[in-house]
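To start, the structure under review is shown below, and the notes come after it.
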Amino acid sequence: MKTARFLATELKRLDEAGIRVFIIRGNHDALSKITAELILPDGVKLFRGRAEAVEIARAPGERPVVVHGLSFQKPLAPESLLPSYRPPVEGAVNIGLMHTSLDGAAGHDVYAPCRLADLDAAGFRYWALGHVHQRVVHEGAATVVMAGIPQGRDINEAGAKSVSLVTVRDDGAITVEERMTGIAEFRRVTLDATGITEWTELVAALGRRLGEERALTQTPHLVARVAITGATPLAWRIRRDSDLLKAEADQAATALGRAHVEKLELSIGPAAGAAPIAGDALGELARLVAEDVLPSESFRSTVTGAAAQLRGLLPAELRDLLGADEAASEALLARLAAEGSEEVLARIEADAGSGEGG
Amino acid sequence: MRIERLGLTRYGRFTDHALDFGPKPAGADFHLVYGPNEAGKSTTLAAWLDLLYGIGTQSPYSFLHPYATMRIDAVLEMGGAERRFARIKRPQASLLDGADQPLPDAAILAELGGIGRDAYKAMFSLDEETLVAGGESILASRGDLGQLLFSASAGLAALTRRLDALKASAETFHKPRAHKTGLAELKGRLATLRDERAAIDTLAADHHRLTAEEAAADAAYREAVAKRGEVKARLERVLRILAALPRRDAMAELVARRAGLPAPAMLPAGLAEELPRLQALEVELATRSAALAEEAETLASERAAIVEDPAALALADRFDALQETLGSRERSAALDLPDRRQQLSDAGHAVATLLRRLGRQDEERPGALLIDTARAARLDALIDARSGIEAQLEAARAEEGASAARLAEAEGALAASAGNAAPLDAAAAAELRTILAMIRSDDPEGALARATAEARRSETRLGDAMALLAPFPGDAAALAALITPSPAMIADWRSRRQRAEAALVQYSADAVRLANEIARLQAEAEALAARSSARAEAEAEAARIARDAAWTAHRERLDLASADSFEAALRRDDAAMLARLAHVGDAARRAEIATTLAVTRAEAERAAALRAEAEAELRAIDEVIRAAGDALAPGLVARAGLDGLEEWLRRREQVLEAFAAAKEARGAVAMAEAAIRSATARLGDALARTGDKAEELSLGALAAHAEDRLTRWSGQIADRQRLDERRRDQGERLAALKAAEARDAAWQAEWRAALATTWLGGDSVPPTPRIVRDSLAVLGELGKAAEKAAALADRIRKMEDDRSAYAAQIRAIAEELGLATDGDIGPLAMRIGSRIEAAGANARKRAELDARLARHGEAAGRLTLQQESFSRQRDTMTETLGVATLAEGAALLGRLAERGRLEADIEAARRDIRKGLEATSFDEAEAVLASVDRDALAAERLALEQESEDLDQRCRELFAAKSKAEDRLAAVGGDGRVAAIEAARRTVLVEIEEGALAFLRLTAGITAAETAIRLYRERHRSQMMMRASDAFRTISRGAYAGLTAEPAKDGERLIARIAGGGSREASELSKGTRFQLYLALRVAGYHEFAAGGRSVPFIADDIMESFDDFRAEEAFRLFAGMAAVGQVIYLTHHRHLIPIAESVCPEVRIHRLDRTETGEVVDALAS
């Protein structure tokens, strides 16, 4: 309730400032009992299961504004909700609120899908949409805005986040301003390590890359997930000392100020052109791993068994971590095995030089 | 790939040092590099690796040669071809070819097939440390064959340890059946967060409940409040009734009282006020009347008491006037007179005193003594002037005296000084001064001393320099006289000698060489001659003839047999031809040799001749040198050679220098002496001219004497000057004295004249100015005092006159009044005065009383009128009221008023009761009160009060409950703490996710690696096992028969078979044996590698520290075996290993890193 009451307090602030608030429920809060407990201030209108049109009180000489909205009761909505809406009011600026996945966005289940063309043709001046977290603006007969979210929560919600300030002018024209509200922005950053042969060079390149990204970002804080790619002779060392490299990245980020490195993803390989010679034991080992071990059935079943055992111990929220179905699980495990063997071989080999030989 | 030559051009402590391994030998490519400690063995290995892979950014081998100059050169054989490389230290393009042009690093690295520096070191180098680690790893691997083989091949001794470490790191996240894993901890944290959230957050259901509770508490509270209000209202009503009851009782009482009072009647307005007024008036009038009567009586009696005195009244004015004029004077005189009389007497005394002072006490007319102003002034002036004149006179006398004394002193001094030697004149004095100055500045004595010292020093130096030329028989002069060869000549000799020597050496060498050549040629010629060429010639002839014959035969017959014989003959001829041709070669060769021999012989002769020439030249030069040397110092050249001669000459130069210096010094001494002499002469002359005979004094003494003379001369001059001054002074002083005396005389005359004009001048000796001054002062006082006395006397007289007049008048008045005229005037006057006053007072009093009496009469009249008026009014009133007296009337009115008040009270009471009971009318209230049961009501009141209190309590409780419910609801609060906990929970989930994926990665990787190692083992084991087994048998000198593998839990285990039966696990072997086992495995690994077709140099650095000679021998055997497939280099500082190595492998090449005395490094091949 704490969070809900916090929301109520903030809504009260809006109410005291004379700002009207219109809320529709989405799929997540359809099942919530919490919001039922809230007592909302007068200026806040929470739309119910039946579509309503609320006129905003204005001075007599001004053009009337009507807000339409509908809260769907169930968490699944396979069909478009547009037909359920009240028709637009003549002579007024009609604004519609809808929770919809539109034409279907990647990574999202379908929820009250409807076509952009339908929204355009509905006769409303402005559609305020929710559900998809990526911002989309469409200007046509109607201005349709999927406003996105004010603050990204993880790398899958990367990029600068904002809210949209919409102004309806006296002549009915509508302008949309994007106001950046995100305090922290997630970004994927790639660093191509091809051709870098010295560790210090790598760290410097990392720092430079972070600096570039930092300069491009307007948001106060940058959270970067750095992917290091390319073919470099340092590949082994990077795998072995990935912790150290992460620490270097953290330090570079701290030195830049207001930048943070979330994670390092490695997809690097050794420098090309080294023809392996027979008798090179480690090279042979790597070949054995790649050609004979990884594809073998017994190996795969061992790994699958370990994964299954681990899956049983994971908390409920992570049950699908190791693949939601068999095919995904197999692919993931194959990838893990390849990466893991590279790492282990790197650790074995890269340590060889210290303290041995004369 | 192998190293032919490794050049340490500028690296570590080496400069231009090369290890020449030579071309690939047919047999074992085994090299042993021997050098004592610190000779640079590890440097060699480092240099090899740096050549291959580049010199690192920070190299420890730059201590002698800075980074920019470091350089390694090498000649490598790669792929059968010889290639030159050089490596310098540079960030890019550090690899150079033979022409110092940059090459890409791949030029070498390609040969190594991707093996990095660390891998190379691991696989192809071996040192004591690695051997030990290898031995340990055999233990650590628990004999696992796959790991051992792999680690031996890859040179990774710590493989097992690393795999174990990786496993451990995976297990920190999760391990089956373990409780304290990372995963468990993270899940624990999730649970904690969940609990935390539950603790601080409020569920929706709870919120619902809290809201309901709050509403219920509110309702209950309101209900209780309402009920309480009701009860309180009722209680109030009861209280009102109870309050009203006594009121009603009181009212009843009032009504009763009212009954006894008269009915209200209509009275004229204002009566009530009038009556009291009349009553008061009555009283007042009575009082006044009484007072008036009393007053009349008093007045009359007073008037009668007054007495009159007309006589006194008549005299009053006269008396007053008298008192005013004479009376007042009389009074003051009475007081003053005694005083004044006293004063007069004092003044008289004063005058007498003054007269005494003047010495004229008997003077009767003091006034006559006074001196008038003019004369007094003149006297004053003179007196003033006196002191000045006296002072001047004294001063002049004193000064004169002093100056006379000084004059005498000066004369005396002059006389004293004049008694000395004859005075100088100015010119002589000047001359002396000049000479003295010159002497001081030149200081000839000092110069002499210095010159003498210098002369001594130079003599000493000369002596020393001569001593160096010890064998010289003569002195310095003789030395100077010698003729010596010039430096140019000596240089010429030196160069000629050098040339001759060089030529000698060269020609000797040539001679030797040519002799060798001749010998060689001769030998060759003999050898050739041995080959019997003559036979060949003969054979060739014969073959030719045979061939021709065969041809002829064949031509005739043309059959197979003849063809065959021709063929045979042809062949024979060809062979003979060939042999002959060979021998032609020989002949030519022989001829050649002969020519060469002749030439060489000639050359040899020539060389010998030149040599002889050079010898002769050398001898000649030497002879010349010797001659020259002997001329100077016999035997010198024989002892010390040309260098000796040169040295001798140099010393001679030094002697000559010293000689010259000594001479100079002597000259200086002479000069100094001369200077002294001349100065002494000059000074002596000058003194003699002034009459001073100073004989045979030294210059210093003479100078002192002259100084003294000069000083005294100047002293005398000063004395004379002083005397003249003082004479002048004295003259002046005398004149001054005379003037002062004259002035004094003049004054005295004037003084006598002034005094003569007054009585003061009467004596024979004129008084002093002091006395006169005093007298003048006294005279002044005297004048004043006399005046004063006269005034006083006059005054006193007047006063006495007044007094008598007054006294007469008073007596007159007293008589008229009939009083006694004797007695003192004062009291008499008083008596008169009082009588007059008394008379006046009485008169006034009588007049007053009369006036009062008149007024009294008037008042009485008014009173009477008033009394009449009053009576009329009173009568009216009493009639109206129907009473007899006013008092009764008042009482009646009082009762009426009381009744009125009662009425009012009763009315008020009715009102109150009505209001108190909140009735519409009094009657209603009356009715209620009438019906009330007092006791019941009292009881009800108690009950209601109790109930009200209870309800109060209940309301408070319910209010508290309501507040609490409100607070609990408010405490739910709205803030972000729960959201924060949610965020933390999500973070923990992310950590679990990452950890799980990393765990799986690592686990999969480890499994893959272990599986691969097993596969590797399977692939390589047979070959490697065989080689390792052989190697182990070799190095253990047969103690162990070999190695096998035995199946074990995770694969196979390495077992050592003891010779003669039995076996031991690898981990059970002794430490030394483990080293050997490790070595055997490494050797097997190297062979395995080389079996792949390539080989690279293997470098071992002194690994046999712990091996005895036998083991060392076997180890060398292993190395020799390796050297058959690749280049093996062994670095050591044990010299004793060299013969061992040579015994095992005769083809071993030994290289030395040695030092010589002059610090050069010499490398010599030994085989």
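The values are calculated or read from the model by the stated rules, or taken from the named source; none is laboratory data. Remember, predicted model here, so these are calculated numbers, not experimental data. Positions of Cβ are backbone-derived with ideal geometry, glycine not excepted, and every protein chain shown enters the neighbour counts.
What number goes with the only condition from (1) in contact with a helix residue (DSSP H, G or I) (Cβ under 9 Å, 6 or more places away or on another chain); (2) part of a helix (DSSP H, G or I) that B:T552 does not pass?
Single failed check for B:T552: (1).
It is to be established whether one or more residues within the range B:686-695 are among the hydroxyl-bearing types (S, T, Y) and free of Cβ contacts under 8 Å to residues at least 24 places away in the same chain. Reasoning before the result, please.
Step one: filter the range B:686-695 for residues among the hydroxyl-bearing types (S, T, Y), giving B:690.
Of the ones still in play, those that are also free of Cβ contacts under 8 Å to residues at least 24 places away in the same chain are none.
Within the range B:686-695, not a single residue is among the hydroxyl-bearing types (S, T, Y) and free of Cβ contacts under 8 Å to residues at least 24 places away in the same chain.
Yes/no per residue for (1) away from every other protein chain (no Cβ under 14 Å); (2) over 30 Å from B:R1117 (Cβ atoms):
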residue: B:G27; (1), (2): yes, no
residue: B:F30; (1), (2): yes, no
residue: B:K41; (1), (2): no, no
residue: B:Y53; (1), (2): no, yes
residue: B:T57; (1), (2): no, yes
residue: B:F63; (1), (2): yes, yes
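Kindly list the number of the only condition in (1) crowded, with 18+ Cβ neighbours inside 10 Å; (2) out of contact with any helix residue (DSSP H, G or I) (no Cβ under 8 Å at 6 or more places or on another chain); (3) within 14 Å of chain B (Cβ to nearest Cβ) that fails for A:M1.
Of (1) crowded, with 18+ Cβ neighbours inside 10 Å; (2) out of contact with any helix residue (DSSP H, G or I) (no Cβ under 8 Å at 6 or more places or on another chain); (3) within 14 Å of chain B (Cβ to nearest Cβ), only one is false for A:M1: (2).
For B:F14, work out the one condition from (1) closer than 29 Å to B:A1124 by Cα; (2) in contact with a Gly (Cβ under 8 Å, 6 or more places away or on another chain); (3) surrounded by 22 or more Cβ atoms within 10 Å (Cβ to Cβ) it doesn't fulfil.
(1)
In a loop (DSSP other than H, G, I, E, B), charged (D, E, K, R) and farther than 27 Å from B:A416 by Cβ: does that describe B:E741?
Working: in a loop (DSSP other than H, G, I, E, B): no; charged (D, E, K, R): yes; farther than 27 Å from B:A416 by Cβ: yes.
So B:E741 does not fit the description; no.
Kindly evaluate A:A231 against the criterion of being farther than 30 Å from B:R1082 by Cα and touching a Gly at 6+ places or on another chain (Cβ under 7 Å). Steps first, please.
Details: farther than 30 Å from B:R1082 by Cα: yes; touching a Gly at 6+ places or on another chain (Cβ under 7 Å): yes.
Answer is yes for this residue.
Do the conditions hold for A:A272, that is, is it more than 7 Å from chain B (Cβ to nearest Cβ) and at pLDDT 80 or above? It would help to see each step written out before you state the result.
Numbers: more than 7 Å from chain B (Cβ to nearest Cβ): yes; at pLDDT 80 or above: no.
Judged against the criteria, A:A272 is not a match.
Would you check which residues across the range B:78-126 are part of a loop (DSSP other than H, G, I, E, B) and closer than 18 Å to B:I1129 by Cβ and list them? Break it down into steps so the answer makes sense when it comes.
Taking the range B:78-126 as the starting set, the residues that turn out to be part of a loop (DSSP other than H, G, I, E, B) are B:79-80, B:89-94, B:98-101, B:104-105, B:113-116.
Scanning the range B:78-126 gives a single hit, B:I115.
Can you tell me how many residues in the range B:1001-1024 are more than 10 Å from chain A (Cβ to nearest Cβ) and buried (at least 20 other Cβ atoms within 10 Å of the Cβ)?
Adding up the residues that qualify gives 2.
Suppose we filter the range A:119-160 for residues that are among the acidic types (D, E) and modelled with pLDDT of 90 or more; how many remain? Before the answer, list the steps.
At the first step, the residues of the range A:119-160 found to be among the acidic types (D, E) are A:120, A:139, A:154, A:157.
With the extra rule that they be modelled with pLDDT of 90 or more, the set shrinks to none.
Total meeting the criteria: 0.
Here are the criteria: (1) surrounded by fewer than 14 Cβ atoms within 10 Å (Cβ to Cβ); (2) in contact with a strand residue (DSSP E or B) (Cβ under 8 Å, 6 or more places away or on another chain); (3) part of a helix (DSSP H, G or I). Tell me which single one A:T167 does not satisfy.
Here A:T167 meets the rest and fails (3).
Checking the conditions here, which among B:L649, B:L656 is out of contact with any Leu (no Cβ under 7 Å at 6 or more places or on another chain) and either surrounded by fewer than 18 Cβ atoms within 10 Å (Cβ to Cβ) or not aromatic (F, W, Y) (or both)? Full working, then the answer.
Values: B:L656 fails: out of contact with any Leu (no Cβ under 7 Å at 6 or more places or on another chain).
It is B:L649.
Kindly check whether there is at least one residue in the range B:972-985 that is farther than 30 Å from B:E214 by Cβ and facing chain A (nearest Cβ under 7 Å). Explain how you work it out, then say what you get.
Filtering the range B:972-985 down to residues farther than 30 Å from B:E214 by Cβ leaves B:983-985.
Still in the list and also facing chain A (nearest Cβ under 7 Å): none.
No, the conditions are met nowhere in the range B:972-985.
If you take the residues in the range B:361-375 that are part of a loop (DSSP other than H, G, I, E, B) and closer than 18 Å to B:E787 by Cβ, which one is modelled with the highest pLDDT?
Our first condition is that a residue be part of a loop (DSSP other than H, G, I, E, B); within the range B:361-375, this holds for B:361-365, B:370-372.
Then drop every residue that is not closer than 18 Å to B:E787 by Cβ, which leaves B:363-365, B:370-372.
On the way: B:E363: 74, B:E364: 75, B:R365: 75, B:L370: 77, B:I371: 77, B:D372: 81.
Going through the qualifying residues, I end up with B:D372.
Name the one entry in B:L776, B:L760, B:L792, B:L755 that is part of a helix (DSSP H, G or I), surrounded by 14 or more Cβ atoms within 10 Å (Cβ to Cβ) and touching a Gly at 6+ places or on another chain (Cβ under 6 Å).
Working: B:L776 fails: touching a Gly at 6+ places or on another chain (Cβ under 6 Å); B:L760 fails: touching a Gly at 6+ places or on another chain (Cβ under 6 Å); B:L792 fails: touching a Gly at 6+ places or on another chain (Cβ under 6 Å).
The match here is B:L755.
List pairs: first in the range A:305-317 and at pLDDT 85 or above, second surrounded by 13 or more Cβ atoms within 10 Å (Cβ to Cβ) and of a type in the set (G, A, S), Cβ under 7 Å, 6+ apart or cross-chain?
Filtered contacts from the range A:305-317: A:L310/B:A996; A:L314/B:A996.
Write out, first by first residue and then by second, each pair whose Cβ atoms fall under 7 Å of each other, whose residues are 6+ apart or on separate chains, and whose first residue, in the range A:322-350, is more than 7 Å from chain B (Cβ to nearest Cβ) while the second is not in a helix (DSSP H, G or I).
Qualifying pairs under 7 Å: A:S329/A:L322; A:S329/A:G323; A:L332/A:L322; A:L332/A:G323; A:A338/A:L294.
Would you check which residues across the range A:290-304 are facing another protein chain (nearest Cβ under 9 Å), assigned to a helix (DSSP H, G or I) and among the hydroxyl-bearing types (S, T, Y) and list them?
Listed by number, the residues that qualify are A:S298, A:T302.
Just to verify a result, which residue in the range B:49-68, among those that are touching a strand residue (DSSP E or B) at 6+ places or on another chain (Cβ under 8 Å) and at pLDDT below 90, is surrounded by the fewest Cβ atoms within 10 Å (Cβ to Cβ)?
B:L64
Working only within the range A:305-315, note down all residues that are at the interface with chain B (Cβ under 10 Å from one of its Cβ atoms) and part of a helix (DSSP H, G or I).
Hits for the range A:305-315 are A:A306, A:A307, A:Q309, A:L310, A:R311, A:L313.
Quick one: in the range B:182-220, of everything that is facing chain A (nearest Cβ under 9 Å) and among the polar types (S, T, N, Q), which residue is surrounded by the fewest Cβ atoms within 10 Å (Cβ to Cβ)?
B:T211
In the set B:A996, B:A938, which member is in contact with a helix residue (DSSP H, G or I) (Cβ under 8 Å, 6 or more places away or on another chain) and more than 30 Å from B:R194 (Cβ to Cβ)?
Answer to the selection: B:A938.
Can you give me the ranges of the strands (runs of 3 or more DSSP E) entirely in the range B:1048-1111 with at least 1 residues that are β-branched (V, I, T) and buried (at least 17 other Cβ atoms within 10 Å of the Cβ)?
Where strands (runs of 3 or more DSSP E) fall fully within the range B:1048-1111 and carry at least 1 residues being β-branched (V, I, T) and buried (at least 17 other Cβ atoms within 10 Å of the Cβ), they are B:1051-1058, B:1098-1101.
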